[in-house]
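See structure below.
Nothing in this text is a laboratory measurement; each read-out follows from the coordinates by a stated rule. If you're wondering where the values come from, they're calculated on a predicted model, not measured in any experiment. Note that each Cβ is placed from the backbone with ideal geometry, even for glycine, and that neighbours are counted across all protein chains shown.
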Amino acid sequence: MKLSILIPVYNQEQLVIKALDHLPRRDDVEVLVRDDGSTDFTLANLLQYRAEHPDLDLRVYSNGKNRGVAWTKNRLLEDCIGTYFHIHDSDDFVDTEEYNGLIDMLDNADVYTMDLIVNSGAVLNVNEANNNYYCAQIARFIRKAFAEGLEFPEEIRAGDDGHYAVALMKRNPRIVYTGIPAYHYNFPRVGSLCDLRLRGVLP
């Protein structure tokens, strides 16, 4: 398995389906979605989607209760088998063609980056100067063996990806900055973890 796409989700019954619709269908890609105790129809919609889309290697898990995004990501990392993994937020989506091309590029480096497209249409270029800061894991394909032993800090409700990114960079990975805008980052979005943190609702 070349790539594991890991999607933690909480109360995104519609946007997570949009995310799945945009993923490429490939034999060397698996998609793992873990529901973090959603109170809407997220889990039911995921199970229905899996039944109706056998062309996508989709596995659906449930935490049973809300445990937090970091805990959910760590469990996804334990369950995936891809040589590389990508943490995909449930409210975002990819450019299918560009993303598919990036998967073809995955080879020997420890990390491959992609650029982000925000809601205004602006492109955030991920480069050596800002690699620790631009939305961390959603902009990266990471070699699983290289990241072995790293975990998202489960005591942090928002911003756990930044801590993970710093720990990852301390290992001095071989990075390919592709400059390819392949990921539509749903920012700003009222009610997102990033939004709540910026407004001081979450620590």
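Once you mark the trypsin sites (Lys or Arg not before Pro) that are in a DSSP loop and have at most 13 other Cβ atoms within 10 Å, what is the longest gap between them in the chain? Excluding the exposed sites themselves, the longest stretch runs over 66-169. Counting neighbouring beta carbons within 10 Å and listing from fewest to most, the residues 120, 38, 4 come out as 120, 38, 4.
With a simple spin-label model that places each label point 7 Å from the Cα along the Cα-to-Cβ direction, the separation between residue 157 and residue 17 comes to 2.9 nm. Summing charges over neighbours of residue 123, with a neighbour being any other residue whose Cβ is under 12 Å away from its Cβ, gives -3 when K and R count +1 and D and E count -1. In percent, rounded to a whole number, the relative contact order of segment 3-198 is 24, using alpha-carbon pairs under 8 Å and six or more apart. Label positions at residue 59 and residue 81, each projected 7 Å from the Cα along the C-beta direction, are separated by 0.7 nm.
If we count every other residue with Cβ under 9 angstrom of residue 63's Cβ, Lys/Arg +1 and Asp/Glu -1, where does the sum land?
Working: positive: 34, 65, 67, 75; negative: 35, 36.
That works out to +2.
Relative contact order, whole percent, for segment 1-47 stands at 55, derived from Cα pairs under 8 Å and 6 or more residues apart. Secondary structure note: in segment 3-198, about 30% of the DSSP beta bridges are antiparallel.
Tell me what the chain gives for mean residue ellipticity at 222 nm when only DSSP H runs of n ≥ 4 count, each as -39,500 (n - 2.57), the sum divided by the residue total, rounded to 500 deg cm²/dmol.
Only helices count here, giving -7500 deg cm²/dmol.
So what are the chain's ellipsoid semi-axes, whole angstrom, largest first, if each one is the square root of 5 times an eigenvalue of the alpha-carbon gyration tensor? Intermediate results must be reported in sequence, preceding the final value.
Details: eigenvalues 103, 83, 60 Å².
Three semi-axes, in Å: 23, 20, 17.
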